[in-house]
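Please treat every number below as a calculation from the coordinates, not as lab data. Bear in mind the structure is a predicted one, so any value in this text is a computation, not a measurement. With ideal geometry, Cβ positions are generated from the backbone for all residues, glycine too; neighbour counts draw on all protein chains shown.
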């Protein structure tokens, strides 16, 4: 009987476990999952693609929402609009969190934050200064074009604000007057929904909040209790594309490419400089098509390289090199045509790069000129002017020891054995010499 009781109890425990396991599994599966992506760079095409891919992945996986940790100085208008459109039409709630403390949502970041289903900022962050700028190929906009672009941007941000029930007047002010405020002021002016110190507190604040998704007929209830955070990082390809879309990196790649090809053309057969230069130049071309490039700057930089090459062919006593440096400086200053700091070349990179590349071109030019002037060390012409010693008497015929070798030699005058001789010319394998 005792054994039967033990077996019965064991059986009961197994049955209870079998019943509880599915329940525990269901409880774990019921925990909401929030995907998290981080944007801490200027808004460029690679960043826009990364954001749209994050939204698509969250929709496909059935995530409870997507959290975007945002810290941006601004960026391209076209990329910003792609991101805003993707957020507005997302099938999952998108929470934009300006984070960490010290971060900012400037310029294009304002509209991206306004487009979010839930907009949150961390203490010590700021938002604003969204006045449109002339981003694209060409020069400065005239007054009429400035007004058109400003009105378009103001209408765009107002439409987004009204859809998200945010302070449309202040957001329009951020566009027209470049207004900027802190996180606390943004909350007070109804520009954002919450101020949170970190992601866990953000999740606690938005629990049970309702949002309306694109195409939805009724609000969606957000549940964040026991939420799982699924951090998504950029792939290596996305990181590389984002890095080279930086104006400073694009500029350095272009100069490195030009320097490599220049070295290959002046010293054929080196191979490595040409390979590195070609790869750098191709990457630079990709970067330039994603940035506000002024082609006048590109042409000035190419003209500078032409002047440096011409210095090798034409002895100008440094005039061409000076012209090349001036053209390089002016081209670098004009290369990126945007008043927005995030889309401009920094002065530190500009000055350091110009100094380095100018020194490189000048040093190579000097070396090439010296090599062209240097007397040959091989062949018949290399023997002319060489000094040796008469091994025998030299007149109509004789032998001379020159450059470590014995040569048949003759001279117009008698040169006695042991005297120093100098080569006048080379006739086949015979040297014409004269007394030194």
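Observations on the model:
- Ranked packing of 162-173, 100-111, 75-86, most packed first, by mean Cβ within 10 Å: 100-111, 75-86, 162-173
- The chain - percent relative contact order, Cα under 8 Å, separation 6 or more: 11
- Rounded tilt (10° steps) of 347-373 against the dominant C-alpha axis of the chain: 20
- Fraction of antiparallel bridges per DSSP, the chain only, in percent to nearest 5: 45
- For the stretch 27-234, the fraction of alpha-carbon pairs lying more than 20 Å apart is 54 percent, rounded to a whole number.
- For a modelled paramagnetic label at residue 346, 7 Å from Cα along Cα-to-Cβ, the residues of the stretch 49-85 in reach, with backbone nitrogen under 17 Å, are 72-75.
- Stretchable slack from residue 395 to residue 295, in nm (0.36 nm times residue separation minus alpha-carbon distance): 28.9 nm
- Hydrodynamic radius by Kirkwood, which averages 1/r over all alpha carbon pairs of the stretch 246-373, in angstrom: 14.8
- FRET E, pair residue 422, residue 178, Förster distance 60 Å, beta-carbon r, rounded to 0.05: 0.15
- Cα-based helix-to-principal-axis angle, 247-266 vs the chain, degrees rounded to 10: 20
- Considering only 414, 282, 299, the Gaussian network model of the chain with Cα springs below 10 Å gives its largest mean-square fluctuation to 414.
- A simple spin-label model places the labels of residue 169 and residue 40 3.7 nm from each other, with each point 7 Å out along Cα-to-Cβ.
- Computed FRET value (nearest 0.05) for residue 198 with residue 270, which takes r as the C-beta separation and R₀ as 60 Å: 0.65
- Candidates 263, 401, 308: whichever shows maximal mean-square fluctuation once the chain is modelled as a Gaussian network with Cα springs under 10 Å: 401
- Helical runs assigned H by DSSP (4 residues or longer) give the chain a calculated mean residue ellipticity at 222 nm of -16500 deg cm²/dmol, each run adding -39500 (n - 2.57) before division by the residue total.
- Between 96, 211, 157, the GNM of the chain built on Cα springs shorter than 10 angstrom shows 211 fluctuating the most.
- Computed label-point distance, nm, for sites residue 189 and residue 384 using a 7 Å Cα→Cβ extension: 8.2
- Taking label positions 7 Å along the Cα-Cβ direction at both residue 225 and residue 313, the computed distance is 8.0 nm, reported to one decimal.
- Beta bridges from DSSP with both residues in the stretch 27-234: antiparallel share about 15 percent, rounded to the nearest 5.
- Stretchable slack from residue 60 to residue 145, in nm (0.36 nm times residue separation minus alpha-carbon distance): 26.5 nm
- C-alpha long axis of helix 272-289 to longest principal axis of the chain, angle in °: 40
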